[in-house]
Each structure stands twice: as C-alpha cells, then as structure tokens.
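Below is one structure, written out as structure tokens, with a few remarks after it.
The values are calculated or read from the model by the stated rules, or taken from the named source; none is laboratory data. Bear in mind that the values here come from a model prediction, so they are computed numbers and not experimental data. In this analysis, Cβ positions are derived from the backbone assuming ideal geometry, glycine residues included, and neighbour counts consider all displayed protein chains. Surface accessibility is based on the protein's heavy atoms, side chains included, excluding ligands, DNA and RNA. Shrake-Rupley method; radii C 1.70, N 1.55, O 1.52, S 1.80 Å.
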Amino acid sequence: MNFDVIAIGGGFAGLATACRAAELGLRVAVLEKKTEDRYACNSRYTSGVFVVMGQNALSPADKIEAAILAGTGGGADPALAHALAANASRTVAWIREQGGRLLQVEASDRKQLVMAPPRRLREGLDWEGRGGDVLLRKLEENLRKNGGELHRGVRVESLLMEDGRCTGVTASSMGGTVQYGAKAVVIADGGFPGNADMLRRHISAHPDRVLLRAAPGGDGEGIRMAEAAGAATGGFGAFYGHLHHRDAMNNERLWPYPHFDSTAVVSLLLGPDGRRFTDEGLGGVCMTNAVARLEDPLSAVLVFDDAIWNGPPAKARPVGPNPYLLNGGASLISALDLGTLARLATLPADALEESVRSHNEAVAMG
C-alpha cells in the first residue's frame, strides 16, 4: 500500500491530480470515502461553467490575472494568481485531451465554456448524465488505464507525519484500519459546508438557518487533518453560495436552481427592519455572505417590481426564478402599494418606503 501520490477525495481536484500524476508514470491512488459507483460530490452536481473570477477560462492570461487580483481586493497571492491565470487555457486543453467535452455557449453578454452535455434548464438537482457526472467517470476510466487506482469506501482519518513531513495516511475501510504510504499527499476532499460547528465558527451564528447548497460530504475533515499536522489556515470567513427562496430549506425542487442572484442585483435586499444591509451591486455571492451573517439568515427579504420580475433579470439563464420558482412550489408576496406589501411581508412600513425612495433616487441620479 505504498504510492508516489495519494489524493484524498474523488472529485475533480483529486481525480485530475491523480490522472496527471499517472500520466507522468507515478504510482497513484485516490481515496474516496463514499462507496457508491456515482458517489455524490460537488463535482458531479456542478452546472459545469468554466470561469475564473467570472472570466471565460480561455480569456487572455493577463485579463484573468487582473480579474483575480481585483476580485479578491488584492488579497490573492500574486504568484498563485499568476499561476492560475497562466494555466487556465492549458487546463482546458488537458481536459479535452482526457475526453471531456466543453462547449462555447452564449450566456448574458458573452460566451462561456460549459461542460457537455449541459444541464437541462429546469428547477432542482439535475446531474445524471450531465457534464460533471460524465467527466468524473471519464477521469476515473483514464486513471485506471494509466495504472492508477480509485479506492471507494476509504475514509482517511489522519496524516502520517515523520520528522515534519507527510509520509502517508491512516484510513478506515471495511471496519478496519489501514495505512497508505506516500511520497506526496494531496488533500482534495472539499470544504466544510456540511460541518455545522465549522460553519458556526467561521460563517454564521445559525448554521441551521443557512441552506446547504453543496453535496453533503464536505465535512472539513481534510482541514482538520492538515491543522493537526501543523498547517496554517486562513480565509475561512467567506464562502461561495447563492441566494435562494427560504422555502428551499424544505423543498428540494428549489435547489440548487433556481436562485435569485440575477434578480437581486437590481432589487433591494432588506433585513427584518426594512432596511438594506449590503450593496446588492456586488453580486449574488457577496449578498449570500451578508445574509448568512444576519442574526436570522431566514429573515432577509428581497423586494422588486413587476418590471424586474417579468424582465430579463428574473428570466436569466441558466435557471432564473421566473417561472422556475413558482413551478417548484414557492410563493411570492405581491401588492399594488408599499404599505400593503409591508404588512404582508411583516416589514415596518416607514422603513420600507424610505428604503425604496432612497434607492430610486440613487438610481435616478445614476
């Protein structure tokens, strides 16, 4: 059970690492804790859009690098930003060499690369036979062709450390304990969206009132093992997510699509006091983080008018909230005047009217 490289986690990161290492003639194993043939993971659930900080992955490297540095507020490591940008187009070429299909499709005002077959435009979770699922299976097939191994049902418990370096892992499998030796170990088991304690510590005081949009396997075990081995950590105070109707907490047809991002950027996102608490123009991911930080994340209210609901914002691809939200069983509160809307939405009428007035004045002034 000795390998040159071990990858913990059988998603894109783990399988891509292993496939490339096997191509280079190394002895490789991927350790995946789930046992199913098509185990659930974010890579299988993905909508498959290939972007880097919103930029098409085939954009010029300097454009991608600038977007990374700007989008992270200068917080990204310049060397890593440069490496990611410089390798983006090479990554696309490698995936195509692996047999992955990537299509150029029209999205909003620009072309985007999307894994094929693309997901169908409908509400709910739609992954079987779609791009992410197909590419994962192709990578597994290629891994085996090049002599690599994928071990299912193996849960890594800890890293083996000798004289300050990692020499393998200890794992549980079939009720027993097994050790894997390795010259290099890549931790690629995702983040911590399924770990309530870590969510409470880093993201929201009320993780039970935040929707788990990811696959349930991300329990932060890789981070825990790395910390136990002495790794430094940081940057856990923000996450990637989208705005959903609160009914999605109990209705699986309302996640991972549709979401409200395209509508929210031209709407008012209000707290229970009827006042705005973030800049909607920063986009859906930033708004989602702001909602998670509320005392009650389920208290946020999105206010928009008929022109927005029946216009491009609410009907944006891939799955805008109109009509998929209603098709999925959610409801909207609507009224002909703000006073009635405030009463129905249990918002303070004066605060709602002031929020709308000041917002409209700002829009009118450009």
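Need one number: nm distance between label points at Met1 and Ala335, each 7 Å from Cα along Cα→Cβ, rounded to one decimal.
6.4
Ser172 versus Lys111, label points 7 Å from Cα toward the beta carbon: distance in nm?
About 5.1 nm separates the two model spin labels.
Name all residues of the range 251-282 having a backbone nitrogen under 17 Å from the label point set 7 Å from the Cα of Thr346 along its Cα→Cβ direction, giving them as ranges.
Output list for this probe position: 270-275.
Given a 10 angstrom Cα cut-off, can you work out which residue in Leu352, Leu294, Leu80 is the most mobile in a GNM of the chain?
Leu80
Set Lys and Arg Cβ to +1 and Asp and Glu Cβ to -1, take the dipole of the range 130-278 about its Cα centre, and tell me which of Ser262, Ser172, Phe236 lies farthest positive.
Farthest towards the positive end: Ser262.
On a 0 to 90° scale, report how tilted helix 12-23 is relative to the longest principal axis of the chain, with both axes built from alpha carbons and the result rounded to the nearest 10.
Orientation of helix 12-23: about 30 degrees from the principal axis.
Give me the 1.4 Å probe accessible area per residue for the chain, excluding ligands and nucleic acids, in Å².
51
Taking the simple approach of a point 7 Å from Cα along Cα-to-Cβ for both Glu97 and Met249, what is their distance in nm?
According to this spin-label approximation, the distance is 4.9 nm.
Quick query: amide H of Arg275 versus all other amide H atoms, modeled in the peptide plane; which residues come in under 5 Å with a sequence gap of 5 or more or a different chain?
Those qualifying (amide H under 5 Å, at least 5 residues apart or on another chain) number zero.
Per residue of the range 155-169, what does 6.51 cos²θ - 1.76 cosθ + 1.60 with θ = phi - 60° give for ³J(HN,Hα)? Whole Hz please, x for Gly and Pro, Karplus curve as stated.
Those phi angles translate into 9, 6, 9, 7, 8, 8, 10, 9, 6, x, 10, 7, 10, x, 9 Hz.
Taking 0.36 nm per residue of sequence separation and subtracting the Cα-Cα distance, how much length would be gained by fully extending the chain between Asp62 and Asp163, in nm to one decimal?
Value of the extension gain: 32.3 nm.
For the chain, modelled as a Gaussian network with Cα springs under 10 Å, which listed residue fluctuates most, Thr346, Thr167, Thr72?
Among Thr346, Thr167, Thr72, the largest mean-square fluctuation in the Gaussian network model of the chain belongs to Thr72.
Whole-Hz ³J(HN,Hα) for each residue in the range 196-208, computed from phi via Karplus 6.51 cos²θ - 1.76 cosθ + 1.60 with θ = phi - 60°, x for glycine and proline: what do you get?
Per-residue couplings from phi come out as 4, 5, 5, 4, 5, 6, 10, 10, 8, 5, 10, x, 6 Hz.
Using the C-alpha gyration tensor of the range 79-190, what are the square roots of 5 times its eigenvalues, in whole angstrom, with the largest one first? The partial results should precede the final answer.
On the way: eigenvalues 228, 80, 41 Å².
They are 34, 20, 14 Å, listed from largest to smallest.
Quick one: 3J(HN,Hα) in Hz for the range 47-64, Karplus 6.51/-1.76/1.60 with θ = phi - 60°, rounded, Gly and Pro as x.
6, x, 7, 9, 10, 10, 6, x, 8, 3, 5, 9, 5, x, 4, 5, 5, 5
Roughly how far apart, in whole Å, are the Cα centres of the range 308-328 and the range 57-136?
Here the two parts' Cα centres lie 24 Å apart.
Give, rounded to the nearest 20 debye, the magnitude of the charge dipole that the range 211-315 has about its Cα centre when Lys and Arg contribute +1 at Cβ and Asp and Glu contribute -1 at Cβ.
100
For Val30, what residues show an amide H to amide H distance below 5 Å, using hydrogens built from the backbone and excluding near sequence neighbours?
Ala7, Glu149, Leu150, His151
Report the Cα centroid-to-centroid distance between the range 269-291 and the range 1-49 in angstrom, as an integer.
Between the Cα centres of the range 269-291 and the range 1-49 lies a distance of 37 Å.
May I ask you to derive the FRET efficiency for Cys286 and Ala362 from their Cβ-Cβ distance with R0 = 22 Å, giving the value to the nearest 0.05?
Details: r = 18 Å, r/R0 = 0.82.
Calculated transfer efficiency: 0.75.
Pick out which of His245, His202, His259 has the largest mean-square fluctuation in a Gaussian network model of the chain, springs linking Cα atoms closer than 10 Å.
Taking springs between Cα atoms under 10 Å, the residue moving most is His202.
Going Cα to Cα from Lys34, which lysines come in below 29 Å? Please leave out same-chain ones fewer than 8 positions away.
Straight-distance partners of Lys34: Lys138, Lys145, Lys183.
Looking at Pro78, Ala40, Ala88, which one has the Cα that reaches farthest to the positive end of the dipole of the range 1-101 (charges on Cβ: Lys, Arg +1; Asp, Glu -1)?
Ala40
Whenever you get a sec, compute what percent of the accessible area on the range 76-139 sits on carbon and sulfur atoms (1.4 Å probe).
55
Only helical DSSP H runs with n ≥ 4 go in: add -39500 (n - 2.57) per run for the chain, normalise by residue count and round the 222 nm mean residue ellipticity to 500 deg cm²/dmol.
So the helix-based figure for the chain works out to -10000 deg cm²/dmol.
Output the antiparallel fraction of DSSP beta bridges having both residues in the chain, as a percent to the nearest 5.
Among the beta bridges of the chain, antiparallel pairing accounts for roughly 65 percent.
Amide H to amide H, which residues 5 or more places from Phe50 or on other chains are under 5 Å from it, using H placed in the peptide plane?
Leu113, Val114, Met115
Could you check how many percent of all C-alpha pairs in the range 224-305 are farther apart than 19 Å?
Of all Cα-Cα pairs in the range 224-305, 43 percent lie more than 19 Å apart.
If ligands, DNA and RNA are left out, what is the accessible area of Ser355 with a 1.4 Å probe, given in Å² to the nearest 10?
10
Roughly how many percent of the accessible protein surface of the range 199-281 is carbon and sulfur, given a 1.4 Å probe and a whole-percent answer?
Ligands and nucleic acids excluded, carbon and sulfur reach 51 percent.
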